[in-house]
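Structure, as structure tokens:
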Amino acid sequence: GDGGIGVDVGWRLPPTAFGNFGYALLCSETMADVMQLCQRFWHLVGRGVSLSVQEHGDLCVIDVATVAALPDPFSHLIYDATLTSLCRGFQLLIATPVTDMEIWFEFPTPDYAGNVTSRLGCVRYGMPSNQFRFPKKYLNTRLGMHNPTGLKFAIEQCEREEALLDVTQNKMLAKV
């Protein structure tokens, strides 16, 4: 009965909830490195949800889409949780208040929108896609927990997990 449960779930999914992938994010040197890791290894943690990172002018845009069409309210739940988690992780990694980011949802404004806005700030509904948007200037932000040794280890573990899962077939299906 709680339409905003996806926001609550996403809020409780910091980078540490994502295992080796999350550890790699925490050990990264800059937010640009984090974005590269998200593009490279998102499929390990976001099964059924594709993620792409692009730069548009002064913005960095993370576009999120489900691989298969899902009926409401399930699609809302997935997008709420995923975009809230991305936003929350971004704020934790940057470690400073960020007020110039924006979240876009394709679906119309839900009755729980106040909860989303109070946690995430600028949220827009009825947009052309589901996105997390922030100024590109943050890509150069150096992260406080950077650890080259830990990063190398975490990437090796992600590669190992990828090999064990044989996700190459899933990557091809997502591209098609």
Rank Arg47, Arg124, Arg142 by mean-square fluctuation in a GNM of the chain with C-alpha springs under 10 angstrom and give only the top-ranked residue. Arg47
Just how large is the dipole of the chain about the Cα centre, in debye to the nearest 20, putting +1 at every Lys and Arg Cβ and -1 at every Asp and Glu Cβ? 300 debye
What full-extension length gain, to one decimal in nm, is calculated for His146 and Gln36 as 0.36 nm per residue of separation minus the Cα-Cα distance? 38.1 nm
Under a 1.4 Å probe, counting only protein heavy atoms, Cys122 has an accessible area in Å², nearest 10, of 60 Å²
In what sequence, largest accessible area first, do Lys152, Lys136 appear using a 1.4 Å probe? Lys152, Lys136
Kindly sort Ile78, Ile5 by accessible area of their heavy atoms, largest first, with the probe set to 1.4 Å. Ile5, Ile78
3J(HN,Hα) from dihedral phi, segment 51-61, Karplus parametrisation 6.51/-1.76/1.60, rounded to Hz, x for glycine, proline: 9, 9, 10, 9, 10, 10, x, 8, 10, 9, 10
Please list Asp166, Asp100, Asp58, Asp80 from largest to smallest accessible area, probe radius 1.4 Å, with all protein chains kept in place. Asp58, Asp166, Asp100, Asp80
One computes Rg over Rh for the chain from alpha-carbon atoms, with the Kirkwood Rh, and obtains 0.95
Linear extension gain, Leu165 paired with Ala113, 0.36 nm per residue minus alpha-carbon span: 15.0 nm
GNM flexibility winner over the chain from Ala24, Ala163, Ala81 (Cα, springs under 10 Å): Ala163
Just Pro135, Pro73, Pro15 to compare: in a GNM of the chain, with alpha carbon springs under 10 Å, which one fluctuates most? Pro73
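Below 11 angstrom from the Cβ of Thr84, what's the summed charge of the other residues (Lys, Arg +1; Asp, Glu -1)?
Value of the local net charge: +1.
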Can you compute the helix-only [θ] at 222 nm over the chain? Use -39500 (n - 2.57) per DSSP H run of at least 4 residues, normalise by all residues, nearest 500 deg cm²/dmol. -15500 deg cm²/dmol
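The values are calculated or read from the model by the stated rules, or taken from the named source; none is laboratory data. Everything numeric here is computed off the predicted structure, so don't read it as measured data. No Cβ is skipped: glycine too gets one built from the backbone with ideal geometry, and neighbour counts run over all protein chains shown. The protein model used for the area step is the full one, side chains on, heavy atoms only, and it has no ligands, DNA or RNA in it. Shrake-Rupley method; radii C 1.70, N 1.55, O 1.52, S 1.80 Å.
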